[in-house]
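Reading through the structure tokens given below for one structure.
Each value in this text was obtained by applying a stated rule to the coordinates, not by laboratory testing. None of the values given here were measured: they were computed from a predicted structure. Neighbour counts are summed over all protein chains in view; Cβ atoms, including those assigned to glycine, are modelled from backbone coordinates with ideal geometry.
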Amino acid sequence: MTITRRTMLLGTGTLALGAAFHTKARAAEFTYKFANNLPLSHPLNVRLKEAADGILEATGGRMKINIFPSSQLGNDTETLSQVRNGATEFFSLSPLILSTLVPAAAINGVGFAFPDYATVWKAMDGELGAYARAEIEKKGLVPMEKIWDNGFRQITSSNRAITTPDDLKGFKIRVPPSQLWQSMFTAFGSAPTTINFAEVYTALSTGIVDGQENPLAIVSSAKLYEVQKNCAMTNHMWDGFWLLANKRAWERLPEDVRGTVAEKLNEAGLAQRADTAKVNDTVREQLTKDGMTFTECDKAAFRETLRQAGFYAEWKGKFGDEAWSILEKAVGASLS
């Protein structure tokens, strides 16, 4: 499926999916909710719709998934609690936010660790991803095998261009609820403030914070360009989405239904990765037309600032030698 500008501008709402084929008129045997914090226009929701339709069809109408986008069921921390207690059966969440429950999940978010996508997928489809999934499962959640793409994160600003680490000193920046973000931007001398994503646009428009950081696809789909005029292409973190299921709800599904759901979601995840890469390759041009100014950054200078501030040594200690060794092996470099 091709993601176009028209696709990106779809409205928001709840998707009650799967009426695209005819089967016997009967209610689904299993009807589960899938919550996320993204607009319907985001590639994640576009591919989730396809997956949910495919699951309904492949199971002969037994399994129906209703998608609730744009934090309709609550903010990230609220919805994570819901998926843990079974009020919501599925949730897609950044590993860095998930780290409030599973600290090791944030290992992929170490600042300036991944140089490119090839390194990301080798790591997350390999030993590093397997390590993270094992840690997540200890908390009663079932992660799908393939992590979905959020993208490399960039810094946007309303009041300054950012090209060097010094430009971040005193910068009031919104960060998600994760200690790793707080730690990294504090190391740069910034003033990080935790704000849930549903409230970010308002916080930027009212000046509560000067800027934020997200992949370009989210800057576009959430219309942050309306309240942010500068974007620094830092690629400071790669971020994704683990697709999480409540363990009890997952185990209630018959084995064949579980297999179908996992297969369709993992297939959709691979397609979504390609979609997001295409969007991030083209959306910069559109954001420029929307009034944003882009600057390039010397990533080595940012990495060295973090090293001198003790950021890498601190997080090596927090993640532990095993996890850190797997990360350095994946990225092919010593970080500390």
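Above 23 angstrom, tally the Cα pairs of segment 60-167 and express them as a % of all pairs, no decimals. Here the long-distance tail beyond 23 Å is 42 percent of all Cα pairs in segment 60-167. Coupling constants for segment 316-325 follow from the phi torsions by the Karplus curve (6.51 cos²θ - 1.76 cosθ + 1.60, θ = phi - 60°), and in residue order they are 4, x, 6, 6, x, 4, 4, 4, 5, 5 Hz; glycine and proline get x. Derived scalar couplings between HN and Hα for segment 68-74 equal 10, x, 6, 6, 5, 9, x Hz in order, rounded to whole Hz, by the Karplus curve 6.51 cos²θ - 1.76 cosθ + 1.60 (θ = phi - 60°), x for Gly and Pro.
Ordering of 88-100, 313-325, 153-165 by packing is 88-100, 153-165, 313-325, highest average first (other Cβ atoms within 10 Å, averaged per residue). Summing +1 for each Lys or Arg and -1 for each Asp or Glu among the other residues whose beta-carbon sits under 13 angstrom from that of ILE173 gives +2. Here segment 257-336 and segment 157-172 have alpha carbon centers that stand 21 Å from each other.
Computed from label points 7 Å out along Cα-Cβ, the spacing between ARG26 and THR164 is 7.0 nm. For ILE195, the residues whose amide H sits under 5 Å from its own are VAL175, ignoring neighbours fewer than 5 places away on the same chain, with H placed 1.01 Å from N.
For the Cα trace of segment 94-234, dividing Rg by the Kirkwood Rh returns an Rg/Rh value of 0.98. How much of the pair distance distribution for segment 179-279 lies past 15 Å, counting alpha-carbon pairs only, in percent? Considering segment 179-279, 73 percent of its Cα-Cα pairs are separated by more than 15 Å. Its residues counted as N, segment 230-282 yields a C-alpha radius of gyration over 2.2 N^0.38 Å of 1.62. Couplings 3J(HN,Hα) of segment 209-222, computed from phi: 10, 7, x, 8, 9, 6, x, 4, 4, 6, 4, 6, 5, 8 Hz, in residue order, whole Hz [Karplus 6.51 cos²θ - 1.76 cosθ + 1.60, θ = phi - 60°; x for Gly and Pro].
Adding -39500 (n - 2.57) for every DSSP H run of four residues or longer, then dividing by how many residues the chain holds, sets the calculated 222 nm ellipticity at -13000 deg cm²/dmol.
Helix 43-58 and the longest principal axis of the C-alpha atoms of the chain enclose an angle of approximately 20°. Bridging of LYS318 to lysines at a Cα separation below 28 Å is possible for LYS122, LYS138, LYS139, LYS146, LYS169, LYS172, LYS247, LYS299, LYS329, once same-chain residues fewer than 8 apart are set aside.
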